Every structure is written in C-alpha cells, then in structure tokens.
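To start, the structure itself, in structure tokens.
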Amino acid sequence: MSIASKYDASQVEDKWYRYWMEHNFFHSTPDNREPYTIVIPPPNVTGVLHMGHMLNNTIQDVLIRRARLLGKNACWVPGTDHASIATEAKVVAKLADQGIKKSDLTREEFLKHAYEWKDEYGGVILEQLKKLGASCDWDRTAFTMDPHMNESVIKTFVDLYNKGLIYRGYRMVNWDPEAKTTLSDEEVIHIEKQGLLYYINYKIEGSEDTLTIATTRPETIFGDTAICINPNDERFTHLKGKKAIVPISGRVIPIIEDDYVDVEFGTGCLKVTPAHDENDKVLGDKHNLEVIDIFNEDASLNSFGLHYEGQDRFECRKNIKTELEESGVLIKTENHINKVGTSERTKAVIEPRLSDQWFLKMEDLVKPAITSVLETGDVKLFPKKFENTYRHWMENIRDWNISRQLWWGQQIPAYYFGDGKEDFVVAETIEDAVTLSRKRTGNETLTAADLRQDEDALDTWFSSWLWPMSVFDGVRNPENEEFKYYYPTNDLVTGPDILFFWVARMIIAGYEYTDKRPFENVYLTGLVRDKQRRKMSKSLGNSPDALKLIEAYGADGVRVGLLLSSAAGNDLMFDEDLCNQGKGFVNKIWNAFRLIKGWDVSDTIKQPESSKKGLEWYNARFQQTLIEIEDHFSKYRISDALMATYKLIWDDFCSWLLEIAKPAYQQPMDRTTYNAIIEALENNLRILHPFAPFATEEIWQTIADRTPEEALIINRWPEQGVVNAQIIADFDYASQVVSGIRTIRKSKNIAFKDQIELHVVSNENASSDFDTIIAKLGNVSEIAFAKAPLEGALSFRVKSNEYFIPLAGAIDVEAEVAKIEEELKYTKGFLMSVSKKLSNERFVNNAPENVVSIERQKMADAEAKIEALEKRLSSLK
C-alpha cells in the first residue's frame, strides 16, 4: 500500500467525517448499554465559530469520543439558542436596510421575517463545528423555538404560575434602551467609568435661601419629586417642612426627612427621582411621592423634559450643564468614578425604569440547587473554586424578571379579557384561555376574539434552563423512553460566565420538575485570551478566524494546540504557535507510522532480546500511562490527559521503542516484533483518538483493511492491566546510561558506526536486563564490570554507578590533549582577569554587592573548571 509522504489534513478530514456520518456512528438510540449523555451549550443561532466555541466543543468531543471507546451509548445533543435580543436586533437591522420599520409590521409579519433570517443564516455555527470534528448526534439537533420546545416552555410557565411562583409586578427594572427591553439583574454588567459629580443649587420656596445637591445625572432633575434630608442632620433643621424649587422646570417639591440619607455623603441633601432610581423608588413609596417618568423607551427625553424633548439622555446632559451654568445654579463639578450598569448584549448603559413585568419567585425554588452543589455533592463543579461564586449568587438571589419587550421568543401565555391589570388568565392554549376567562367573568359568550395575549416574550434563559429535559421531550412527556434513558445527563462543559445565567437555573429546573440533578459534573473552561492576556473580541481584532486556523493547521492540530494550554478553569493564553505544535505532533505520529510500514518483515528471523525487552518495558509504560490518563479524566484535567498521551507517544514510543526495535540498515524485522509494534501503535491510536480523531482514523484504516464495524471511532478503549513498576524503573536507569553514552559520543565526535566498550564500577545493583538495549542504542561491543576507575577513559555517572569508555581507538588522544590544553590556557587567563578585578579594593568597595557577588561566582566556576580539566588531562597522559 502506498502511504503519502506527508499527512494532508485537507484530504483526510472531510473523507472521514463523511464516512462517520454515512455509517451513523454519531447517532444514539436507547439500548442495554450504559448511557453517556452531553447536551451542547446551545450557541446563539446568530453566532459563528470563535475560539471559545472551539475550546468548549473540543473538550465535549474528547469526552464523547472516549465514552464511545469505553463501550457506552454516547449521545451528544447539538442545537442552537434563539437568542432573543441578539437575533431580534439583527432582523430589525436587516429590515431597516430594506426600508422596513418593525413598528410598521404585525407580530406575525415580523416573525415571518425572523424565521426567514434564521433559516438563511441560523445554524452556520453547527456546520462549522463539523469542521472541528464534533461528533454530535445531528439527527437530534434542537432549536429553542422548535414547536415542541415552545410547548415545553409555555407548559412550564403555566405550571409555575399555577403554583403561585410567577406573578406580575410593577417594579423598577433594568431597561436596555437600545434593545428596548428589560433585562434580568444577571444580564447587567457593572463597569467603572469616569464621570462628573454636578453640584446644583435649588432655591427654597418663599426665601432667598438655597440648598445644594450632588448628582451624577443632572438630566434627571425633570423627574425630581422631593428633596430628602436626614432628620438628625443639624445643618438642615431650618429646611424642615419647607419646599424647594427645581431648576429650569420651576416645579415646587417637598423637602422630606428620612434617616436613609447618609450625612457624610455628598452635600447631605438628596434629590429624589422615584421613576429613575431604585432606592429613590423605595423612598417615594414610603413618602407617597409623585412618580414622573421623563424618558421614552429609547432613553430620549419625553415631554416632561420640556425644551429637551427628543434629545438623547447623554446629549441632554451636556446641554443642561450649559444651561445650569448660565443660570448660575451649577456651583461646581468634580471628577467621579462610578459603577455604571451596561447591557451584556448591546453594551448600552442601562436605564432604571418602572414597568409592569413578569417575575419568578426564586427563594424556595433555589434551595435544592444549593443543597445539591454545596452540601451533598450530587452536582460537582470542576474546578471546585467556583463553588464560592455559586454560593454567593444563589444565597443572594432575587426574583427573576422573565419578561422581555420583544417579539422573537415564546410569547407569554397570559390572555387579557378586560382592561384591568388583573383581568387576565394564564393558559397553555387559546382554547384553555377562553374556558378560564368564561369562568372568571361568568360570561359564557366570550370567544377567542375577545381575548388579547400579552405582547411580551419570555427571557431566552427561560427556555434554555429546560434544555437537558426539553431536548428529550421530558417536560411534555416525562415518562417517555428516551427521557428515562438519557436523563439525568452526565457532563456539562461550559464557561464560568454563564454559571448563574444557565447552569444554576438548569439545576433549579431539574430538581423542580424531576427531583433529579440535570447532570452530574460541570466542567468550567477558562476564557480564551491572547498573549497579552486580553479577552479575545472582534472589537480588539485579536480573535483569529477559527476556520482559517483549521485550514492552516488541520482540525487535529488546532484541537491539540488548544488543549495543550488549557488547564481546567484557568484562562487559556492562546498562541498560534500552539496549533503549529499540534500539527507537528500529528506529523510525528504519521512519520512514525510510515517508518513502521516501511520495514521489511521476515517470518524466519528470531526476535532479538533487545526488542523483546523493549516491548515488555513499553507495555508496562503504556499501562502506567493508562492509569495516569484515567486519573486526569476523573478530575476533568483534560489537558493533563492529553499531555500524558503526548509524552507517551512522542518520547516513549517514537524516541525509545521504535529506536530499540528498528532493524539494522537494509535488514528485515522479525514478524513477532513487527506485530507487537503494530499492536502498540493501535493502542496508541485508541487513546489518542478523542484528541486527534481524523489522523488516528486515517492511520487506523491504513494499517489494515477494516470493515465499518472495525472503525476506530467505535473500537474499544484499551483494557487496564497490571503495571510492572520494576521494569519501568530498570528501563529508566538504562535510558540514563544510553543518554550518557550519547553525550560522550557527541562531545568527542565519536561516530555511531564506531563501536565502543563500556566498563562500569558498580556501587549499587543495576539490572542487566536492558544491557542488550544499551548495547544496541549505544553501539557498545562489550559491557564489562570493573573494580576500579579506568585510567585514560572518558566517564559519566548514573546514580552511584560510574561508567567508563576506554579511549583506545575511540578518539584521537593527541588531538583531545591539544583541545584540553587550549581550553585550560583560556580558562586560566580568564581566572587571572577576574582575580585582578577582585584584588582591586576600589572595585570591591564601590561596586554594587550583586556585581561583586557575580564576579566571585565567576572565579569559583573558573577554579572548578581548571581542576576538572587538569584531572582530565592527567588521565590522558
């Protein structure tokens, strides 16, 4: 069989992926095997493959391929998330390009456009994952807005509402003025920003007195409905019971008293704007203050903003500063660092806004999820350090705002039969809603046409928190065969940034609906950063094109490169050189395979003792590594598992075993050794396959003609055997002897074709089992034991044993003596110059201490070298 001189990933990868797909190797159906299940963290349907996806999905594929080899029924469910905010923004932008406004469309018309966009662009990322080698069960590909998924979400909403856990409330919420929707607290990122603190004077009604407030948001004075002072603050006793006049608007507002005001902060006087600050809203409710909302949904000012109506809040802030200065009421401004809430999705600055929203009570729901992770260990987080983050979030949880002012998503199943806030019913279908509405109203003539469904959609996370259940239809049909077989799932691989958004909520939902954990282990990967430790992002331009990396280095090269630098839970400092290293590793294995297949094999030659011993050692070393790999996998140290495999194949197999076993130049190899080498190679391919699936399948299928049933992807993981620790230790010793011989040959230019003798003065019992290997790898004609050191011989030490290589015939003694004498002359001259410097008191007293210390070390090193050279010279003469 002709074997290509170079491994060509572009020719190999599509071929084998197509082969795996054609033979349905990724597909799983329930049977009598132990199931192993992973559900993919569904990427946004809008997404394209980036480095984070590459790392995350490589790890998942490693776990799923290994599970197949272990004989488990491996099921990896892929899919995408509808990503309500991101997708709706893209559809709105596309419509805008066509001259169409969302506001000009009905909900149904908009959704038609959205589904068309999803059908055209959605799922691109899943096709890209195939290039990486992801062995998902593509027949199971799910989308969070598939009909059965929608039904699961709606069913869950209705159930939680009927349990009294979902309620509608008028609350201060996080408003994203760009996406024009509310966000949950977890979707808001607080970023430190440099701003200004504005000191503004308010006149006291009926006098010439003023009071000063300090605010970071002067544009919100149009929404002020009170000034608050601390009743115990003696500075302001004269203001009690009086009223203040808001600058520009001239509105008169009361001065109220509350010990909420910190007398040490700012001026001690607090402007109260109940519509635009959560704490102000609490004060407003307590003191029955008027609520004035001054913003439109895009955060421009409405009619309460007077002549600033229509201006963006930040534009208004600049302009109002000028007006306040001109009117003489802006006393001063100070630089002020403030934590500003920003939208995780759009990066817009969040606006606190009062709104009717739907909330899910979390206090009781969260309790089993706290117990399972932090007390019983039913769900384990890897690395364990993330338990502290989990605890903090879960023990400080607030009710979840689950409604969004969007059309793309599951529409909230609340149906209004009247104009009152409480005139609604919650039902899974319009038919059920009609029935419930008739009961509520007593009006049996009510029809579907009389009902109006709530316009809001549910938070995207409200669908994805059901993902491990809903992909197996476990919400609608909890007794179905697949759900009972595959659920709970085994491992979840995701990023720590969505530990609360998604992971914790899936655990909550799992216990609420099945009384079981949704998964046993959560492996939290680090973030992929560049060499400067910056997070990779499009805006920084530091995120390489994932598909171009695969094109350049092959999927296996990229997979290996990513994992070699990815310790569990720690951020990965990505360097493209790592992919080159991965590619080099794949080429190393390919070249080793070509070497093996290039040997002539004889059925008549007896197996050499060196080959027999080498194979015994390698089998022991393989078993030792197998245990090590198993330990790493059990602790989700995937990179360590790869590194153990890498070292075994590169160092032990390629650098040692193949050198031990390879026949002399133009000589054949015995059949016994050849078959054993092939067996060792196949075992290597089995443990390497999860990391480098394409190259391993190519080599596996080229070793011999295989039926589909014999494909590597569905082969068996090597069985664990007994580790012969003694043979490993003995070989380690012998390898050090070989290294000593090679060092001397290299330093003395002794050609390998020239045989040498080796004498050993043994101070500890060294096994002679590997003498045949030492003799072969060192081209040693004789290994003899000596009672005393040999005169005129080159030597090296391994542990307490000393080895000597007689010089006679090995080197040109005369040339060696001349070389040593020349080196001795140079070293003595160097010593003299250092000694001269150190004998100079001026230098010693004035030079920095570390400089003097370095010179003294040079002197000591030179003296030691002279002693060694003189000793060596005397042994040659």
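Is it possible to state the helix-based mean residue ellipticity at 222 nm for the chain, with each DSSP H run of 4+ residues giving -39500 (n - 2.57), the sum divided by total residues, to the nearest 500 deg cm²/dmol? What is it?
-13500 deg cm²/dmol
Rg and Dmax of the stretch 820-877, Cα atoms, in Å?
Cα-based Rg and Dmax for the stretch 820-877 come out at 13.7, 45 Å.
Charges on Cβ only, +1 for Lys and Arg, -1 for Asp and Glu, centred on the Cα centroid of the chain; of L446, V426, N749, which one is farthest towards the dipole's positive end?
Going by the charge dipole, the pick is N749.
Distance cut-off 25 Å, Cα to Cα: go down the list K367/K516; K242/K271; K6/K776 and report the pairs above it.
K6/K776
Using the basic label-point model (7 angstrom from Cα toward the beta carbon), what is the I866 to S767 distance in nanometres?
Rounded to a tenth, the inter-label distance reads 4.6 nm.
To the nearest 20 debye, what charge dipole does the chain have about its Cα centre, counting +1 at the Cβ of each Lys and Arg and -1 at the Cβ of each Asp and Glu?
2620 debye
Using a 1.4 Å probe on the protein heavy atoms, what percent of the accessible area of the chain belongs to carbon and sulfur?
Of all accessible area on the chain, carbon and sulfur atoms account for 48 percent.
Sorted by accessible area with a 1.4 angstrom probe, largest first, how do Y665, Y390 fall?
Y665, Y390
Roughly how much of E863 is accessible, in Å² to the nearest 10, using a 1.4 Å probe?
90 Å²
At 0.36 nm per residue, minus the direct Cα-Cα distance, what do I191 and Q532 gain on full extension? Give it in nm, one decimal, please.
Computed gain between I191 and Q532 is 120.7 nm.
Rounded to the nearest 5, what % of the DSSP beta bridges within the chain are antiparallel ones?
70 percent
Using the beta-carbon distance between K240 and D139 and R0 = 60 Å, what value does 1/(1 + (r/R0)^6) give for FRET efficiency, to the nearest 0.05?
Given R0 = 60 Å and the Cβ-Cβ separation, E is 0.20.
Which one of P806, L824, S781 has its Cα pushed farthest toward the positive end of the charge dipole of the stretch 745-876, where Lys and Arg give +1 and Asp and Glu give -1 at the Cβ?
Looking along the dipole axis, the top candidate is L824.
Multiply the residue separation of V601 and D293 by 0.36 nm, subtract the distance between their alpha-carbon atoms, and state the gained length in nm to one decimal.
Answer, rounded to one decimal: 102.1 nm.
Using a simple spin-label model with points 7 Å from Cα along the Cα→Cβ vector, what separation in nm is obtained for T435 and A815?
Each label point is offset 7 Å from its Cα along the Cβ direction, giving 10.2 nm.
Can you tell me the FRET efficiency between K647 and N587 if r is taken as the Cβ-Cβ distance and R0 is 22 Å, rounded to the nearest 0.05?
Using R0 = 22 Å, I get an efficiency of 0.85.
Please give every one of the lysines within straight-line cross-link reach of K439, meaning a C-alpha to C-alpha distance under 28 Å, and leave out same-chain neighbours fewer than 8 residues apart.
K155, K163, K361, K421
Where in the chain are the DSSP H helices whose C-alpha atoms run 18 Å or more along the long axis and whose mean Kyte hydropathy is at least 1.0?
Result, helices passing both filters: 546-564.
Please give the length that would be gained between V263 and I100 if that part of the chain were fully extended, namely 0.36 nm times their separation in residues minus their C-alpha to C-alpha distance (nm, one decimal).
Gain in length upon complete extension: 53.3 nm.
Calculate the all-directions average of the projected area of the stretch 603-758's alpha-carbon convex hull, and give it in nm².
For the stretch 603-758, averaging the hull's shadow over all directions gives 11.8 nm².
Starting from the residue with the highest accessible area, list H27, H53 in decreasing order, probe 1.4 Å.
In descending accessible area the options line up as H27, H53.
Placing unit charges on C-beta atoms (Lys and Arg positive, Asp and Glu negative, everything else neutral), compute the dipole magnitude of the stretch 147-187 about its Cα centre in debye, rounded to 20.
300 debye
With +1 on each Lys and Arg Cβ and -1 on each Asp and Glu Cβ, and nothing else charged, work out how big the dipole of the stretch 87-144 is about its Cα centre, in Debye to the nearest 20.
180 debye
Using a 7 Å offset from the Cα along the Cα-to-Cβ direction at both E630 and T743, what is the distance between the two label points in nm, to one decimal?
Output for this residue pair reads 3.7 nm.
Rounded to the nearest 5, what is the percent of antiparallel bridges among the DSSP beta bridges in the stretch 221-306?
Bridges in the stretch 221-306 that DSSP calls antiparallel: roughly 70 percent.
Just to make sure I understand: if all protein chains stay in place, what is the order of H23, H307, H336 by accessible area at 1.4 Å, largest first?
Ranked list, largest accessible area first: H307, H23, H336.
Charges on Cβ only, +1 for Lys and Arg, -1 for Asp and Glu, centred on the Cα centroid of the stretch 575-621; of L578, N591, I605, which one is farthest towards the dipole's positive end?
Result: I605.
Let me check against my output: what whole-number percent is the relative contact order of the stretch 181-351, with C-alpha pairs under 8 Å and at least 6 apart?
So the answer I get is 31 percent.
Any idea of the accessible area per residue across the stretch 745-876, 1.4 Å probe, to the nearest Å²?
63 Å²
Taking a cut-off of 22 Å between Cα atoms, list the lysines near K535, but don't count ones fewer than 8 places away on the same chain.
Straight-distance partners of K535: K193, K339, K347, K385, K548.
Please list, in order along the stretch 27-41, the HN-Hα scalar couplings obtained from phi with the Karplus expression 6.51 cos²θ - 1.76 cosθ + 1.60 (θ = phi - 60°), rounded to whole Hz, x for Gly and Pro.
Going residue by residue, I get 7, 10, 10, x, 8, 8, 7, 6, x, 9, 10, 10, 9, 5, x Hz, with x marking Gly and Pro.
The values are calculated or read from the model by the stated rules, or taken from the named source; none is laboratory data. As the structure is a computational prediction, the values presented were derived from the model and not from experiment. Counting neighbours? That spans all protein chains shown, and the Cβs are built from the backbone with ideal geometry, glycine included. Please note that ligands, DNA and RNA were not included when accessible areas were found on the heavy atoms of the full protein model with its side chains. Shrake-Rupley method; radii C 1.70, N 1.55, O 1.52, S 1.80 Å.
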